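The values are calculated or read from the model by the stated rules, or taken from the named source; none is laboratory data. Every value quoted in this text rests on a predicted model; they were computed, and no experiment measured them. Glycine also receives a Cβ, built like all others from the backbone with ideal geometry; neighbour counts cover every protein chain displayed. Only protein heavy atoms, including side chains, enter the accessible area calculation; ligands, DNA and RNA are left aside. Shrake-Rupley method; radii C 1.70, N 1.55, O 1.52, S 1.80 Å.
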Amino acid sequence: MTRPSCSITASLLLLLVNISLATETGNATEIEVPQRGAVILPDVPSAKAFVDSTDIAVVGFFVDPELPEFEYFNTLVKNHPEWDYGLTTSQDVLKHYKIRSNAITIFRQADNFRDDLVVDETPELNTAKLYRFLTINELRLVTDYNPMTAIGLIASKVQVHLLFFTHDNVEGHEEIMKELRKVAKELRGQVLFVKIDVDMRSNQKIVGFFRLKRSDLPLISIIDTETKRKRFKESGEITAESVKTFCLDFLSGEDESDNVKTEL
């Protein structure tokens with residue numbers, strides 16, 4: 001299989017952006033949630049378990065559920081089921097997470113990241129702004145690349161990114177995704193895994209930039225966005241074991257292994 005040939009002189013992901021442009025007990029309050037519902041988090045153990053249970057946890061922390069932002073959050077939960085939501089008014093939980101006023105917080109496992117949207121510091125907050133906040137910060141174990149998630153990728157402190165170039169008709173696509181998620185979970189905090197669908201209209205210039213052909217796919221590469229060091233994985237079966245070895249070799253600087261190209 002012919003590998004694309006190109007030279008990248010700037011941070012890859014910066015360049016890609018330019019290219020693609022209930023009722024609780026104790027000290028909590030009785031509150032109502034929408035029919036789909038957020039998971040009620042009455043205490044610290046339940047909150048910790050919820051945050052650790054999913055790729056992306058979105059938690060509404062409410063000191064005062066009588067304010068309008070509580071309804072904005074409920075509408076978000078009802079209309080955007082792509083995230084897992086938790087909800088708490090427990091003073092113990094708020095104190096544990098150092099929340100002093102109403103806030104919507106996103107926790108993501110991919111890079112052990114947390115970001116708080118503090119209501120008092122967000123002018124003219126509404127459901128649309130909450131949705132944008134989550135979309136920008138959405139990084140899953142394997143993140144679908146698009147102009148919005150690219151912002152979160154750039155903001156992440158994890159500088160090594162594995163890029164999986166594919167399309168939905170690639171043979172064994174779902175199995176490959178399962179294998180990648182296994183490795184991403186093991187290497188979270190060390191490597192971000194990014195899926196780039198070459199059939200997405202917004203990604204067409206990226207495909208041209210890398211000089212990719214459909215016959216090249218599926219294709220995996222890895223880059224350190226700080227040092228600009230990068231490699232393509234050689235052809236062969238994409239398994240959790242082979243990808244993990246590829247990543248660990250790259251992280252350790254062992255770039256001359258049999259399954260790694262020396263240059264793009």
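Within the span defined as the range 45-67, one or more residues are in a helix (DSSP H, G or I) and at pLDDT below 95.
Each residue in the range 211-258 was checked for being in a loop (DSSP other than H, G, I, E, B), more than 22 Å from the chain's Cα centre (by Cα) and more than 25 Å from K157 (Cα to Cα), and 11 of them qualify.
Close Cβ contacts (under 6 Å, 6 or more residues apart or on different chains) running from residues in the range 149-175 that are assigned to a helix (DSSP H, G or I) to residues that are open to solvent by 10 Å² or more (accessible area, probe 1.4 Å) comprise T149/E138; A150/V17; I151/I136; G152/I136; G152/N137.
Is at least one residue of the range 119-133 assigned to a strand (DSSP E or B) and under 16 Å from V59 (Cα atoms)? No, because not a single residue in the range 119-133 is assigned to a strand (DSSP E or B) and under 16 Å from V59 (Cα atoms). Are any residues in the range 194-220 open to solvent by less than 20 Å² (accessible area, probe 1.4 Å) and modelled with pLDDT under 90, and if so, which ones? Passing the criteria: V198, N203, I206, F210, D216. If you go through the range 89-110 and pick out every residue that is surrounded by fewer than 22 Cβ atoms within 10 Å (Cβ to Cβ), more than 19 Å from Y72 (Cβ to Cβ) and either among the hydroxyl-bearing types (S, T, Y) or over 23 Å from the mean Cα position of the chain (by Cα) (or both), you end up with 7.
Taken over the range 121-163, the criterion of being open to solvent by less than 30 Å² (accessible area, probe 1.4 Å) and among the small types (G, A, S) is satisfied by A150, G152, S156.
Within the range 74-86, residues that are of a type in the set (V, I, T) reach partners that are outside any loop (DSSP other than H, G, I, E, B) with beta carbons closer than 6 Å, at six or more positions or on different chains, in the pairs T75/T127; V77/Y85. Sub-7 Å Cβ pairs linking a first residue in the range 179-205 that is on the phi > 0 side of the Ramachandran plot to a second residue that is surrounded by fewer than 20 Cβ atoms within 10 Å (Cβ to Cβ), at least 6 apart or interchain, are G189/D111; G189/N112; G189/V158, ordered by first then second residue. Output the residues belonging to the range 221-246 that are open to solvent by 40 Å² or more (accessible area, probe 1.4 Å) and acidic (D, E). Of everything in the range 221-246, those that are open to solvent by 40 Å² or more (accessible area, probe 1.4 Å) and acidic (D, E) turn out to be E226, E234, E237, E241.
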